[in-house]
1. Which one is least open to solvent (accessible area, probe 1.4 Å) among residues in the stretch 53-70 that are in a loop (DSSP other than H, G, I, E, B) and at pLDDT 90 or above?
2. Which condition does Gln131 not pass, out of (1) open to solvent by 40 Å² or more (accessible area, probe 1.4 Å); (2) at pLDDT 85 or above; (3) polar (S, T, N, Q), if it passes all the others?
3. Among the numbered criteria (1) in contact (Cβ under 8 Å) with a residue 24 or more places away in the chain; (2) farther than 18 Å from Leu17 by Cβ; (3) open to solvent by 20 Å² or more (accessible area, probe 1.4 Å); (4) of a type in the set (Ser, Thr, Tyr), which single criterion is violated by Tyr156?
4. Are any residues in the stretch 22-45 touching a residue at least 24 places away in the same chain (Cβ under 8 Å), surrounded by fewer than 18 Cβ atoms within 10 Å (Cβ to Cβ) and either within 20 Å of Gln72 (Cβ to Cβ) or not β-branched (Val, Ile, Thr) (or both), and if so, which ones?
5. Scan Asp18, Asp78 and give me the residue that is open to solvent by less than 70 Å² (accessible area, probe 1.4 Å), at pLDDT 95 or above, closer than 18 Å to Trp101 by Cβ and touching a strand residue (DSSP E or B) at 6+ places or on another chain (Cβ under 8 Å).
6. Determine which member of the set Pro96, Pro91, Pro31, Pro115 is farther than 20 Å from Gly143 by Cα and modelled with pLDDT under 95.
7. Select from the stretch 60-93 the residues that are in contact with a Pro (Cβ under 7 Å, 6 or more places away or on another chain) and small (Gly, Ala, Ser) and list them in ascending order.
8. What are the residues in the stretch 87-140 that are more than 25 Å from Ala63 (Cβ to Cβ), among the aliphatic types (A, V, I, L, M) and touching an Asp or Glu at 6+ places or on another chain (Cβ under 9 Å), if any?
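The values are calculated or read from the model by the stated rules, or taken from the named source; none is laboratory data. It should be emphasised that the depicted structure is a prediction, and the values quoted were computed from it without experimental measurement. Glycine also receives a Cβ, built like all others from the backbone with ideal geometry; neighbour counts cover every protein chain displayed. Calculation scope for accessible area: heavy atoms of the full protein, side chains included, ligands and nucleic acids excluded. Shrake-Rupley method; radii C 1.70, N 1.55, O 1.52, S 1.80 Å.
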Amino acid sequence: AVLDSFAPPAASFAFGLDHDGTDLWGDTNEPDQIYRADDTTGVVSDSYASPFTSPNGVAWDGAALWHSAFLQDLSLIDPSDGSVIRTIPSPGNRTPRGLEWVDGALWVVDANLEPEDGIYQIDPSDGTILQRMQIAGATYPFGLAFDGEYFWMTDYLADKIYKVDLMNFLLADDFESGDTSAWSSTVQ
């Protein structure tokens, strides 16, 4: 059930979204910007120009904001002024679709209908790929969120939302059909 809703700060193309414990952080395309908004009213308290054209992902790491765009390195953003602190390589096809921060690692959904598509766990200090996982049957992984126990992943082409135990590499549930699928995992 939808508990509440409010309009994004831009008229179109709101992509990434994460919560820092107090506020929502997101990014928009047209205009290319990063914003912080009140999580109950949607009122924007801060906004910064994105360093990217067509940004598409944010993840709060407890102190700063990770930010992504197609064919660009992943950037760590200073939340006080929107400046880039540093960058690390984007994994896979360099087409990140969703970001999430869990237990000191950055998780990146990378999908472009290529064999390298998957969910990557990467070392935020240098971008080293710690592991890559793929869900059997997923066609176009897109968004990613973590609820403290499970990851939630959207599949853009299949119109599905998956509840996934990535920490143990098991599919927990597929909310459209109830079917289960196996994860394949490669450690790099």
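1. Filtering the stretch 53-70 for residues in a loop (DSSP other than H, G, I, E, B) gives 53-54, 61-64, 70.
Cutting the leftovers down to at pLDDT 90 or above gives us 61-64.
On the way: Asp61: 39, Gly62: 59, Ala63: 71, Ala64: 8 Å².
Among them, the one singled out is Ala64.
2. (1)
3. So the condition that Tyr156 fails would be (2).
4. Gly42, the sole residue that qualifies.
5. Asp78
6. Pro31
7. The answer is Ala64, Ser68, Ala69, Ser75, Ser90.
8. First pass over the stretch 87-140, keeping only residues more than 25 Å from Ala63 (Cβ to Cβ): 92-95, 111-118, 132-140.
Cutting the leftovers down to among the aliphatic types (A, V, I, L, M) gives us 111, 113, 133, 135-136, 138.
The answer is Ala111, Ile135, Ala138.
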